[in-house]
Amino acid sequence: MALRPYIVGNWKMNGTRSMLSEARAIDRSSQRLMKVEVAIAPPYTLIHPVHREAEQIGVGAQDCHAEPDGAHTGDISATMVADAGAKFVILGHSERRQEHGEGDDLIRAKCAAALDAGLKLIVCCGESEKLRDAGKAEKFVTGQLKATLPEALDETSERLSVAYEPIWAIGTGRAATVEDIAAMHAAIRKLLVDRYGEEEGGAVRILYGGSVKAENAREILETENVGGALVGGASLTAEGFLGIVAAAAELQDT
Ligand code: PEP
């Protein structure tokens, strides 16, 4: 059975306790839109407070360390975010790759640590504009996923989501075209089926991320092989985010 569309807000390095009212509003409205799975990944400092507020939405982390504990000043482990209430973790986001030099090997190790801690994964991939212009986007993105995704995992389709986020579309207001999204998601689906089999690989949700907002959510979400959205800027207010959740819910009714 197909999983519900998955709409995930990535708050990045935004939010102090004053933003809990947005989380509360998102949570309360999501209770009326049960056909959609809604989640927020706030900064570490807000994971527990959002978890305490949330009755309906899922709460996750934006990263974790590859080790469960130890001498890693300033770092946070998968066990710690799970203890704070996180149910999933976003790994391999292009901002982590660019700003912290994270490579595929480290991301694969973080995936293993997160699974050991009982977390679900959202594994990100996406090409630069230069690679797209050179016609190398698909090869690059599938290469990233081959190198980072676990070889096998229990209940794959429940535990894993993939987020395709072209770097040039993140925070630019310039989302990828539905044609480009459809082509990339088809390539990712093939990889998932090859790795996890028809049933499990066929059911993994492939989220699109990159300048999704209420205005373009419907056309993106109705594209083949799009199982949801990873949303940055538009997830910072309940109004902006709920417009996207509502678009996903409407599509479930059609
Ligand atoms: C993101 O960085 O995960 C993202 C999709 O950002 P935005 O929606 O702001 O483009």
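Of the listed requirements (1) within 16 Å of the ligand (Cβ to nearest atom); (2) open to solvent by less than 20 Å² (accessible area, probe 1.4 Å); (3) closer than 20 Å to ILE122 by Cβ, ALA238 misses just one: (3).
Within the stretch 136-158, the set of residues being under 22 Å from ALA203 (Cβ atoms), of a type outside the set (A, V, I, L, M, F, W, C), modelled with pLDDT of 95 or more and open to solvent by less than 50 Å² (accessible area, probe 1.4 Å) comprises THR142, GLN144, THR148, PRO150. Scanning the stretch 99-116 for residues that are without any contact (Cβ under 8 Å) to a residue 40 or more places away in the chain and assigned to a helix (DSSP H, G or I) yields a total of 3. Of all residues in the stretch 121-135, exactly one satisfies the criterion of being closer than 17 Å to GLY209 by Cβ, among the acidic types (Asp, Glu) and open to solvent by 50 Å² or more (accessible area, probe 1.4 Å), namely GLU129.
Looking at the stretch 86-116 only, could you name the residues that are among the acidic types (Asp, Glu) and either buried (at least 23 other Cβ atoms within 10 Å of the Cβ) or within 15 Å of the chain's Cα centre (by Cα) (or both)? Across the stretch 86-116, the qualifying residue is only GLU95. For the stretch 6-54, the set of residues classified as within 16 Å of the ligand (Cβ to nearest atom) and within 26 Å of GLU200 (Cα to Cα) consists of TYR6, ILE7, VAL8, GLY9, ASN10, VAL38, ALA39, ILE40, ALA41, listed by residue number.
The values are calculated or read from the model by the stated rules, or taken from the named source; none is laboratory data. This is a predicted model, so every value here is computed, not measured. Using ideal geometry, Cβ is built from the backbone for each residue, glycine included, and neighbour counts are taken over all protein chains shown. Just the protein is used for accessible areas: all its heavy atoms, side chains included, with ligands, DNA and RNA removed. Shrake-Rupley method; radii C 1.70, N 1.55, O 1.52, S 1.80 Å.
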